[in-house]
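All of the numbers you see were taken from the coordinates with simple rules; none came from a lab. All values reported here derive from a predicted model rather than from experimental measurement. Cβ placement follows ideal geometry from the backbone for every residue including glycine, while neighbour counts extend to all protein chains displayed.
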Amino acid sequence: MDNFWIRTGAVVMALGVLLGAFGAHGLKNVLSDPMKAVYETGVRYHLIHGLALFVVAWLASRSPSTLVNASGWFFLAGIFLFSGSLYLLALSGVKAWGAVTPVGGLAFIAGWLSLAFK
């Protein structure tokens with residue numbers, strides 16, 4: 001499972017860098033300042049939790065457990081739900097996407113708590 005988390009972390013990080021560059025260069029004259037901040041928050045949490053997937057890979061290689069794998073899945077869900085909803089909110093302006101963001105935040109918290117209880 002550790003190879004899965006290494007590959008997943010690498011893809012997630014590549015996508016985070018791509019989306020960050022797109023936001024910084026492609027959207028700099030498109031988004032309002034508040035929506036740029038929303039987008040940047042999505043990128044920040046995306047990249048932080050992409051790195052967390054490498055922690056999961058490392059722990060899975062040293063001490064495989066259900067909780068370690070669960071934390072990886074929680075982090076991945078958080079990236080899609082938290083960061084993804086912020087990307088969609090910033091790009092579309094549809095405020096309803098903001099209601100999804102806390103669910104992603106809870107997934108991040110669950111991921112960290114899974115590691116804590118490991």
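What to note about this one:
- More than 25 Å apart - percent of Cα-Cα pairs taken over the chain: 25 percent
- With Cα atoms, 0 to 90° folded angle of helix 101-117 axis to the chain main axis: 20 degrees
- Most tightly packed first, judged by the mean number of other beta-carbon atoms within 10 Å of their residues, the peptides 68-79, 19-30 read 68-79, 19-30.
- Degrees, to the nearest 10: 33-62 long Cα axis against longest axis of the chain: 10 degrees
- Average Cα contact separation per residue, the stretch 6-84, under 8 Å, 6 or more apart, as relative contact order %: 37 percent
- The HN-Hα couplings worked out from phi for the stretch 69-83 by the Karplus form 6.51 cos²θ - 1.76 cosθ + 1.60 (θ = phi - 60°) are 5, 4, 4, x, 5, 5, 4, 5, 4, x, 4, 5, 7, 6, 5 Hz, whole numbers, x standing for Gly and Pro.
- Proximal charge balance of residue 20 [Cβ under 14 Å; K/R count +1, D/E count -1]: +2
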